[in-house]
Amino acid sequence: MEAAFALFAEKGFAGATTREIAEQADVNEVTVFRHFGSKETLFQEVIELYSPVAMLTQELAQRLTGDDVRANLEHLAAQYLEVATPRAKVIHLGMMEASRDPELRRIVGQIPERLEKHLADYLMSLEQRKMVRSRDYRLLAHLFYAMLLQHVLAYSGTPDCVRRPLASDRELAATLADLMAEYLRPLHAAASTEGGNS
């Protein structure tokens, strides 16, 4: 997996061969096919291990059970950035490779879908507990991760049209959590806050 990750990152999906991956891993090429079946499956396994989807752990699920919605959203954003920022160039490469190959597009496209579904399901569970206002949670989850991805791509230095980050990872996670928590705040909580301020 490490050899495949390194070569996919260096040469892209099309450029990296299973023979090179096997040589770098010090195994026979037949072993690669016996274990993974195809280069596409190997790529999918690498994406699963090294992409931000890897943050969707049982530990994260337990962390999100608390009642502090804002703190949970900040933690989720910080976890994404912790996983994605060091892999910014690889994420950009995966996006570029996916644009040229329908099968890779399907594989890479599962990453945002899984992340967004996870967040939308979490927000729906909060609504059922009357902790947040009813909103379009799929759209909110999409916006949440789109903002984080924009920040990560800025760190990759590519594409050149993406501006350099305006804030640190910590500042972005905190600001995004503030915005989301305020937008999701239940009406009764908003009314009591406004009443207390008058």
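The values are calculated or read from the model by the stated rules, or taken from the named source; none is laboratory data. Bear in mind the structure is a predicted one, so any value in this text is a computation, not a measurement. Here the Cβ is made from the backbone with ideal geometry for all residues, glycine too, and neighbour counts use every protein chain on show. To get the accessible areas, we keep the full protein, side chains included, count just its heavy atoms, and leave off ligands, DNA and RNA. Shrake-Rupley method; radii C 1.70, N 1.55, O 1.52, S 1.80 Å.
Here's the yes/no breakdown for (1) of a type outside the set (D, E); (2) closer than 20 Å to K89 by Cα:
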| site | (1), (2) |
| --- | --- |
| N28 | yes, no |
| Y50 | yes, yes |
| T57 | yes, no |
| L60 | yes, no |
| R63 | yes, no |
| R70 | yes, no |
| E74 | no, no |
| A77 | yes, yes |
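Being without any contact (Cβ under 8 Å) to a residue 12 or more places away in the chain and hydrophobic (A, V, I, L, M, F, W, C) holds for only one residue in A120, A98, and it is A98.
Just to be sure, is R138 open to solvent by 20 Å² or more (accessible area, probe 1.4 Å) and either part of a helix (DSSP H, G or I) or within 22 Å of V53 (Cα to Cα) (or both)? In short, yes.
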